[in-house]
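Reading through the structure tokens given below for one structure.
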Amino acid sequence: MMMISIITLILATIVIIVMSLASLLSKKTIIDREKSSPFECGFDPKSSSRLPFSLRFFLIAVIFLIFDVEIALLLPMIIILPISNLTTWMIVSFFFLVILLVGLYHEWNQGALNWAN
């Protein structure tokens, strides 16, 4: 039992040393200006930090997030179809899809989906 513990300790020490050496040897020595800047999202950190942010971009991101969450809610409905009552499943699915379509119609009427502007 003592021999197994000693071998395990030696192997763990060797693995730690090898991993540390691999990490030190594989480091990149060239410092990239873009990667070392505090902003990596396309804004130039040397200019004014109060650039106008497009509200249109924010609205499109929120719409995408909402429809993405709705897709995540639709997928389990297919999985529970075999174990649920068909009438109840149809009513709930229809109600959920109607809510989605009414929301899509509202966004379309408000012009939030007009990408050309």
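The values are calculated or read from the model by the stated rules, or taken from the named source; none is laboratory data. Because the structure is predicted, anything quoted here is derived from the model rather than measured. With ideal geometry, Cβ positions are generated from the backbone for all residues, glycine too; neighbour counts draw on all protein chains shown. Heavy atoms of the whole protein, side chains included, go into the accessibility calculation; ligands, DNA and RNA do not. Shrake-Rupley method; radii C 1.70, N 1.55, O 1.52, S 1.80 Å.
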Study note, to complete from the structure: re region 54-110: pairs of Cα atoms spaced beyond 17 Å account for a percent value of 48
Check your understanding: HN-Hα J couplings of region 6-13 from phi, Karplus 6.51/-1.76/1.60, θ = phi - 60°, integer Hz, Gly and Pro as x?
Key -> 5, 5, 4, 5, 5, 5, 5, 5
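So if each residue of separation counts as 0.36 nm, and I subtract the Cα-Cα distance between residue 10 and residue 92, what length gain in nm does that give? Let's see the in-between values first.
Details: separation 82, 0.36 × 82 = 29.52 nm, distance 6.12 nm.
Gain on stretching residue 10 to residue 92: 23.4 nm.
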Exercise for review: Please report, as a whole percent, how much of the solvent-accessible surface of region 54-110 comes from carbon and sulfur atoms (probe radius 1.4 Å).
Suggested key: 82
**Study point:** FRET efficiency, residue 70 to residue 108 (Cβ-Cβ, R0 25 Å, nearest 0.05)
**Key:** 0.95
